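To start, the structure under review is shown below, and the notes come after it.
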Amino acid sequence: MRWSATRGINKSAVHRKKITVVGAGNVGATAAFLAAQKELADIVMIDVVEGVPQGKALDMFESSPIQGFDAYVHGTQDYADTANSDLVIITAGIARKPGMSRDDLLSINVKIVSEVTRKIVKHSPDCIILVVTNPLDAMVYTALRVSGFAKQRVIGMAGVLDSARMRAFIAEELQVSIENVGACVLGGHGDTMVPLPRYSTMAGIPITELMDAERVEAICERTANGGAEIVSFLKTGSAFYAPGASVVQMAEAIIKDKKRILPCAAFLQGEYGVDGYYLGVPCKLGGGGVEAIIELDLTKKEAAALHQSMLAVKDLVKTIDAFGYF
Ligand code: TXD
């Protein structure tokens, strides 16, 4: 028989969505692989280290016949390849090394996220940006300022991860399916995050009615220290399977316009009494990005904890504003 199609992937004939993942490290590569397996889009991975995104992308693409997904995965150093992405996930950055201060990390990652955002926006002016790089609430603020995008289209990933951790711990404690467990964590992505047991449930029942205060407190504390717990095992890196899965859940909500209610780092202008900072709050996430912010009723104690969390984010933002990049 005769087959008239061009050899290989005929890119001009592909009408899939496009996701770019910046940073082909642990979180970036995990997210790219999961997104491809879910057939959310064709994926472009870009990194400054030559060969790494190319090698990982090709390896993922070669798994597609086994995993049974139709998505092209491409690795590159060239931002032209990212053109017209629907969604861009930024994981590029460095992690803190011994002897480095928090400000050192901040000043390096602000530079990286600024530079990456500038290039992304040039080639994909209509995209939605999901930021993963730490310190999260300050990096997503950087991407907002540099991109000039509407706040709905620049979103940070943290709450999905933090609440997934809390859900896992609750399910383990109650010995029930994770499918029956919901959890709610607000605030900045750091020591000051605010797990909300009153809004965390098993089959709709608040966990505060299912376990004693001590067990609830232990779960909240383990959640807030979730990242550090993984680092203490890995020593040389931080978590990436759950973070990768978390950002892909957000990507899916956006790409499929699911209008899911998910905790996101969103730019607040008056909500929760916060003005001009990113903070983790429940959002409706769909094709337009953050389409609504849900304002929960908080007790005095919860509101005070959220305020503390906002002050920590404010501190970081003050520091990067003082760098004078934007
Ligand atoms: O909940 C959350 N938001 C987080 C955040 C959960 C987990 C990880 N979190 C943060 O994401 C973490 O503290 C880091 O700041 C980022 C990425 O974490 P990852 O574990 O993936 O780090 P890696 O493996 O070091 O990967 C970073 C990659 C690496 O391949 C670098 O070469 C690349 O980023 N990099 C760049 N790519 C493109 N462009 C530039 N300028 C660049 N600089 C570094």
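Please treat every number below as a calculation from the coordinates, not as lab data. No experiment lies behind these values; they were computed from the predicted model shown. Because the Cβ atoms are built from the backbone with ideal geometry, glycine has one as well, and the counts that use them run over all protein chains shown.
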ask   = With labels modelled as points extended 7 Å from the Cα through the Cβ direction, what inter-label distance (nm, one decimal) is found for residue 218 paired with residue 233?
value = 1.8 nm
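How high is the FRET efficiency from residue 83 to residue 37, r the C-beta distance, R0 22 Å, rounded to 0.05?
Here the calculated transfer efficiency is 0.35.
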Peptide ranges 315-325, 151-161 listed from the most packed, as the mean C-beta count within 10 angstrom indicates = 151-161, 315-325
ask   = What ranking, highest mean first, results for peptides 252-262, 229-239 when packing means the other Cβ atoms within 10 Å averaged over each residue?
value = 252-262, 229-239
request  = Would you mind listing how long the range 132-248 runs along its three principal axes, going by Cα atoms, in whole Å with the largest first?
outcome  = 46, 34, 24
message = If you consider only alpha-carbon coordinates, what radius of gyration and Dmax does the range 18-156 have, in Å?
response = 14.7, 45
task = Would you mind checking which residues have amide H under 5 Å from residue 279's amide H? H placed 1.01 Å from N; only 5 or more apart, or other chain.
result = 266, 268
task = Return the tail of the calculated pair distribution for the range 170-310, meaning the percent of Cα-Cα pairs more than 17 Å apart.
result = 66 percent
remark   = Reduced to Cα centres, the span from the range 61-90 to the range 108-166 in Å works out to 19 Å
Ranked by how many other beta carbons lie within 10 Å on average, peptides 24-36, 123-135 from highest = 24-36, 123-135
Förster radius 30 Å - calculated FRET efficiency between residue 100 and residue 50 (Cβ-Cβ, nearest 0.05) = 0.75
query = For the chain, what is the convex hull (Cα atoms) projected area averaged across all directions, in square nanometres?
reply = 18.3 nm²
message = Counting only helical runs of four or more DSSP H residues, what would the 222 nm mean residue ellipticity of the chain come to if each run contributes -39,500 (n - 2.57) and the total is spread over all its residues?
response = -14000 deg cm²/dmol
note = Of all DSSP beta bridges with both partners in the chain, the antiparallel percent, nearest 5, is 50 percent
